[in-house]
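Worksheet: the structure to be examined is printed underneath.
The values are calculated or read from the model by the stated rules, or taken from the named source; none is laboratory data. Worth saying up front: this structure is predicted, and the values here are computed from it rather than measured. Every residue, glycine as well, gets a Cβ built from its backbone with ideal geometry; the counts of neighbours run over all protein chains shown. Each accessible area value is taken on the protein alone, full model and side chains, heavy atoms only, with ligands, DNA and RNA left out. Shrake-Rupley method; radii C 1.70, N 1.55, O 1.52, S 1.80 Å.
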Amino acid sequence: MKLFLTFFFCYCLVRFSLFSQDFQDITYYLPQDILYNESIPKPKEIIGHEVGEWHITHARLVNYMYALAAASDRVVIREFGRTFETRPQLVLTITSAKNHENLDEIKRQHVQLTDPSASQNLSVEDMPAVVYMGYSIHGNEPSGSNAALAVAYYLAAAQGEEIESMLDKLVILLDPCLNPDGLDRFTHYVNSRRSKNLVSDPNSIEQNEPWPRGRTNHYWFDMNRDWLPVQLPESRARVALFHEWKPNILTDHHEMGSNSTFFFQPGIPSRNNPMTPANNYRLTDRMGEYHAKALDKIGSLYYSRESFDDYYYGKGSTYPDINGAVGILFEQASSRGHSRETVNGVLKFPFTIRNQFTTSLSTLKAAFDMKNDFLEHQRTFYKDAMAEATRDDVKAYVFGSKDKYRNYHLAEIIEQHQVEIYQAKEAMTLNGYKYQPGELFVVPLNQPQYKLIKAMFQKNTTFQDSLFYDVSAWTLPLAFGVDYTETRGRAFNQNLLGAAFSAAQQPAGEVIGGESSYAYVFEYYNYYTPKVLYALLNKGYKVKLSNEAFYHPSGKRFERGAILVPVGIQGKDPAYIFREMEQLARENGLEIHSFNTGLDYQGVSLGSPTFKNIEKPKVALLVGEGVSSYEAGEVWHLFDQRYHIDLSLIPLRVFNRASLDRYNTIIMVNGRYTGINTLAKEKLRDWVKKGGTLVTMKNAMKYVSGLGMGRFEFKPTRRPDSTRAMPYADISEFYGAQEIGGAIFETKIDTTHPLLYGYYRDRLPVFRNSELFMAKSNKSFANPVVYTNSPLLSGYISDINLDQLKGTPVVGVTTYGKGKVIGFTDNLNFRAFWYGTNKLFMNAIFFGRTLDSFSSR
């Protein structure tokens with residue numbers, strides 16, 4: 001009994017120490033049975049505080065990593081990218097000094113392992129494995145980046161045969177902060193609200209960071225969804241580094257709810273992506289045993305095979321799985337600030353760091369012990385991929401559209417993932433439309449990245465499980481709204497392949513017909529026409545929108561939506577106008593046509609009253625608590641980075657007192673908008689009545705309808721039959737299956753409607769991740785975008801929701817006084833890679849005020 005009480009007391013003392021210490025010195029994290037090189041600086045010597053005493057700022061993190069590299073022959077540091085806010089992205093290459101002397105050759109041979117034509121003769125026995133360790137891609141999940149300090153110190157300073165053998169057999173790529181901008185946003189918040197006597201109250205200010213929070217990057221994007229779309233500079237740089245080395249393992253260190261414990265993969269088996277080889281999960285299972293053993297040793301609670309999945313290949317822990325590697329997700333219960341009350345006791349920041357540190361080392365232990373298994377898995381993955389490509393009846397994907405820049409940006413994404421892509425050598429017909437060689441790209445499947453190509457192009461509508469942690473579909477050609485087809489069997493001919501795609505060769509533009517003293521016209525198909533249109537309006541040009549078809553004297557037909565720039569009414573020198581037109585055409589890959597006469601007997605003449613003046617949009621976006629920061633950030637990024645359009649981001653508290661006279665367009669993305677007070681609601685009504693255009697998305701439509709401005713009606717929610725007896729254990733899956741986590745649907749569009757100018761096909765894929773179903777208007781012209789009766793293109797939707805969705809509108813337009821309220825049931829700017837519906841959204845901004853009241857609901 002005495003022995004038991006002694007053991008129990010010691011156990012409680014350990015548990016108490018894990019949760020009770022305000023901060024610890026570096027020894028709290030480190031293995032204590034080894035020696036450390038005293039010439040290697042400890043973190044405190046450089047950053048000025050112990051790891052976990054304060055949250056690390058990115059600048060101090062950078063300073064320490066450079067100091068470490070200067071002191072250790074095991075560490076080489078390199079800046080491989082910059083964030084939007086110009087913070088450096090760093091990678092520390094950590095291995096033995098001997099390996100550093102031969103690092104280029106090690107890399108060359110390792111990458112060769114992914115080439116089936118050369119890999120068979122390589123011996124993996126003496127080849128190091130490569131481990132990419134990535135920390136805190138969500139900036140307000142900081143235990144990862146703080147743990148990176150201790151991990152880097154350990155790898156540089158630890159002495160003895162074990163660490164030296166490990167560094168001989170491994171090349172470690174340590175990325176200490178995957179999201180520098182978000183980490184600093186969060187760090188400065190919690191550090192500036194830290195008390196000397198740590199406060200654990202969950203209601204305290206330190207525990208409640210304000211909107212938009214530090215999870216995201218500068219433009220409020222979740223970067224852990226961007227590994228596949230690569231729309232952000234941080235992601236593009238990181239994916240390039242990934243393919244430079246082709247790591248065998250990639251770790252992704254996150255945080256979750258404070259009342260949780262610690263999670264490591266594998267996730268839920270039924271939610272694995274079927275394209276990922278079974279061996280990947282076997283290796284993940286075996287690694288899990290290492291994590292469990294390490295966490296058992298320090299007394300930490302944990303779980304696995306629950307909560308999370310391995311389905312969407314755009315996440316850091318899943319992208320490696322389709323690239324011959326093994327991705328590992330870690331999720332640590334978050335202390336939010338420095339200390340927080342939880343159901344498991346008071347959770348201290350150092351404890352969260354220690355778990356991340358511990359599983360970093362258990363990853364390296366597994367990588368060392370299983371080195372040959374991981375290397376062989378990589379070789380086999382690509383060998384099997386080539387064999388599958390040979391057996392596959394589909395030999396290539398061909399895609400194209402009249403919009404050369406959408407084609408270009410899709411090809412650009414594909415190329416960034418080490419996929420060979422070519423321009424077409426000859427014209428082809430896709431889905432009934434004939435495209436010229438310059439409008440087409442071909443992606444052959446007979447190449448090592450066969451599996452990834454299939455993952456980007458495939459449409460899936462059947463699934464083993466009905467619950468998804470993220471989206472269930474991301475088919476890239478559908479996201480870009482381009483036509484595409486599979487080329488099968490003998491129909492594919494290598495002679496179809498033209499020049500290899502190069503991102504350096506962007507679409508060319510020109511002014512066709514030279515200088516004009518009468519008018520210039522450009523079609524609205526090009527992705528960057530909103531950018532060109534705004535540039536002209538911003539420079540004071542008088543610009544007109546065509547609402548009927550017309551012809552050039554050469555016989556070329558211009559459809560509705562073409563933009564007319566008359567020369568004579570501008571008050572500018574024609575030669576000056578020509579130079580500006582040349583520059584806009586060249587910079588945006590746009591064909592601008594010169595007109596020397598306005599007479600047209602086939603269509604309408606250029607002075608026709610059907611041409612409407614376009615007003616320069618003066619746009620505000622409402623932001624703040626209760627508003628979706630993701631969707632707000634997507635609009636901000638679209639305006640700022642893509643189209644160079646001025647956009648005022650107005651916090652709701654400022655909106656309550658601000659004058660709206662300087663704006664003619666206000667955007668309200670998905671949100672609750674409970675922060676708008678009574679006086680501001682009335683002010684918004686008056687602004688619309690006087691002629692303002694209000695563009696709303698998803699639940700913002702419901703909000704303005706409740707204010708009496710938008711006559712949008714919605715279908716009542718239908719629930720599955722819950723009267724039949726079912727086990728209580730199935731409740732989460734039963735209701736979770738009714739959520740639309742993210743799928744792609746087909747709509748039928750009216751290309752004669754101003755909101756659809758720039759589209760030339762009558763079908764448009766739309767992304768949807770909500771259960772908001774708008775009732776169809778009974779007015780003849782008020783439903784320009786409607787889901788078809790068989791709308792599902794790719795992804796999961798329950799039968800009940802599919803039935804609800806059929807035939808419902810995507811967009812509604814209502815007149816309120818002299819103004820317009822335009823509502824979209826879906827997010828047309830999803831994660832910046834839904835290029836195909838960006839123009840629909842932008843047309844609401846530019847052309848919403850031109851809509852006839854008869855087209856309203």
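A few remarks follow.
- Under 5 Å, built H, 5+ apart or other chain: amide partners of LEU440: ALA424
- Partner lysines for LYS371 [C-alpha distance under 29 Å; skip if fewer than 8 residues away on the same chain]: LYS98, LYS107, LYS169, LYS246, LYS293, LYS297, LYS315, LYS383, LYS451, LYS454
- Ellipticity at 222 nm from helices only: DSSP H runs of n ≥ 4 in the chain, each -39500 (n - 2.57), divided by the residue count, give -10000 deg cm²/dmol.
- If R0 equals 60 Å, the separation of the Cβ atoms of ASN493 and ASN197 corresponds to a calculated FRET efficiency of about 0.20.
- When you count the other C-beta atoms within 10 angstrom of each residue and take the mean per peptide, 413-426, 250-263 line up highest first as 250-263, 413-426.
- Rounded, prolate or oblate (a/c below 1.5 giving rounded, otherwise prolate when a/b exceeds b/c) for the range 548-601 by Cα gyration tensor: oblate
- Amide N proximity, the range 124-156 versus ASN102 label position 7 Å along Cα-to-Cβ, cut-off under 14 Å: 124-129
- Each residue of the range 314-323 was assigned a 3J(HN,Hα) from its phi angle through the Karplus curve 6.51 cos²θ - 1.76 cosθ + 1.60 (θ = phi - 60°); the sequence is x, 9, x, 8, 10, 3, x, 5, 9, 10 Hz, with glycine and proline shown as x.
- THR665 long-range amide H proximity, modeled H, under 5 Å: LYS618, ALA620, THR693
- Normalised per residue, the accessible area of the range 299-440 is 30 Å², obtained with a 1.4 Å probe and no contribution from ligands, DNA or RNA.
- Accessible-area composition of the chain, carbon plus sulfur, in percent [1.4 Å probe]: 48 percent
- Under 5 Å, built H, 5+ apart or other chain: amide partners of GLY589: GLY509
- Between GLN112 and PHE781, the simple label model (points 7 Å from Cα in the Cβ direction) yields a spacing of 6.9 nm.
- Extended-chain gain in nm, criterion 0.36 nm per residue less alpha-carbon gap, GLN120 and ARG78: 11.9 nm
- Using the average count of surrounding beta-carbon atoms within 10 Å as a protection proxy, the listed peptides 562-570, 52-60 rank, highest first, as 52-60, 562-570.
- Peptide ranges 370-377, 190-197, 504-511, 308-315 listed from the most packed, as the mean C-beta count within 10 angstrom indicates: 308-315, 370-377, 504-511, 190-197
- Candidate values [x] 115, 69, 53; [y] 101, 67, 64; [z] 79, 75, 61, label of the one derived for Cα extents along the principal axes in Å: [y]
- Computed extension gain for ARG305 through LYS806, at 0.36 nm per residue and net of the alpha carbon distance, reaches 176.8 nm.
- Within the chain: Cβ-based charge dipole about Cα centre, in debye rounded to nearest 20 (Lys, Arg +1; Asp, Glu -1): 3120 debye
- Partner lysines for LYS683 [C-alpha distance under 27 Å; skip if fewer than 8 residues away on the same chain]: LYS616, LYS618, LYS698, LYS702, LYS818, LYS820
- Listed residues GLN583, ALA549, GLY568: farthest to the positive end of the dipole of the range 528-678 (Cβ charges): GLY568
- Fully extending the segment from GLN32 to ASN538, taken as 0.36 nm per residue of separation minus the present Cα-Cα distance, adds 175.6 nm.
- In the range 619-729, Cα pairs under 8 Å separated by at least six residues give a relative contact order of 27 percent.
- Rounded to the nearest whole Hz, the Karplus-based 3J(HN,Hα) values (6.51 cos²θ - 1.76 cosθ + 1.60, θ = phi - 60°) of the range 833-838 follow the sequence 9, 8, 4, x, 10, 4, with x at glycine and proline.
- Backbone geometry of the range 435-449 corresponds, through the Karplus equation with coefficients 6.51, -1.76 and 1.60 at θ = phi - 60°, to 3J(HN,Hα) couplings of 10, 7, x, x, 10, 10, 10, 10, 10, x, 8, 7, 7, x, 8 Hz, x marking Gly and Pro.
- Relative contact order computed over the range 460-569 (Cα-Cα under 8 Å; 6+ residues apart), in percent: 24 percent
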